[in-house]
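Structure, as C-alpha cells:
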Amino acid sequence: MLDWIKYAGAIVIGAILYAIGYEVTKAIIDRIRAKNITVRKKEKIDLSGTWYGVWQTTVEGKENINTEVLQIKQKGDKIDIENIGKSPENKLGGYLWRAKCKLYDNEHVLGSYLPREPNVISKGTIYFSLNRVGNFMVGKWVGCNYDYEFTWGYGVIAKDKDFALKEMQKLLKIKTGLSNKKEED
C-alpha cells in the first residue's frame, strides 16, 4: 500500500511539473538547490582584501568608466570599502571615498558611501549581488556625482581587474544605467 502511495505521489508531482513547463520547473529546482547550498553554509564569506572596482559614471556630462583599486575590511556582516586612490580615468570627478555596508545572506551587499576629502559633494548608496563563489559582485550605485544631483550607474567589484572590466561591458550591453536627461513636457 505504501509503495502505491509513493508511486501516485510521484505521478501527481510529475504532472504538476509538466503542466507548469520545463523552464519554470528548472528555475524552481535551481532555486531549491541554491537554498540548500546557502543553508548548509553557516559561516559568513570573508570578503576582506584587495579588490578592483569598475564604475559607470559621468564627467562633464559624458559617460565615463572608472576603475579603482579597493580595500575591503570585514568583521562579521559589517563591511568597509575604501578606494586606494582616485580613478585615473576621471581626473576631474574622481575622489577618495569610503563605504559602510552590510552583508545579507552571504550574497547581498548594501550600504552607503561618502567622500573622504573636503569639498566633494558625491555620496550615495550601493547595492551589490555577490556571485556564489564570492570572487565578484555586480550592482548599482545611486547618488550625486560631479555632474548631477541625482544619478546612478552600474558597478562591478571583482578580485581581478580584467574580469571586472568584462563584466561591466556585459552590463552595458544589457542597458545603460545612467539616466540624467531631463524629461521634456
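Bear in mind these aren't lab numbers, they're just calculated from the coordinates by the rules spelled out. Because the structure is predicted, anything quoted here is derived from the model rather than measured. Neighbour counts are summed over all protein chains in view; Cβ atoms, including those assigned to glycine, are modelled from backbone coordinates with ideal geometry.
Part of a strand (DSSP E or B), of a type in the set (Val, Ile, Thr), surrounded by fewer than 19 Cβ atoms within 10 Å (Cβ to Cβ) and in contact (Cβ under 8 Å) with a residue 40 or more places away in the chain, is that true of Ile45? Against the criterion (part of a strand (DSSP E or B), of a type in the set (Val, Ile, Thr), surrounded by fewer than 19 Cβ atoms within 10 Å (Cβ to Cβ) and in contact (Cβ under 8 Å) with a residue 40 or more places away in the chain), Ile45 does not qualify.
For segment 132-155, residues that are over 18 Å from Lys166 (Cβ atoms), without any contact (Cβ under 8 Å) to a residue 40 or more places away in the chain and among the hydrophobic types (A, V, I, L, M, F, W, C) total 4.
Within segment 91-108, being free of Cβ contacts under 8 Å to residues at least 40 places away in the same chain and of a type outside the set (Lys, Arg) holds for Gly94, Tyr95, Leu96, Trp97, Ala99, Cys101, Tyr104, His108.
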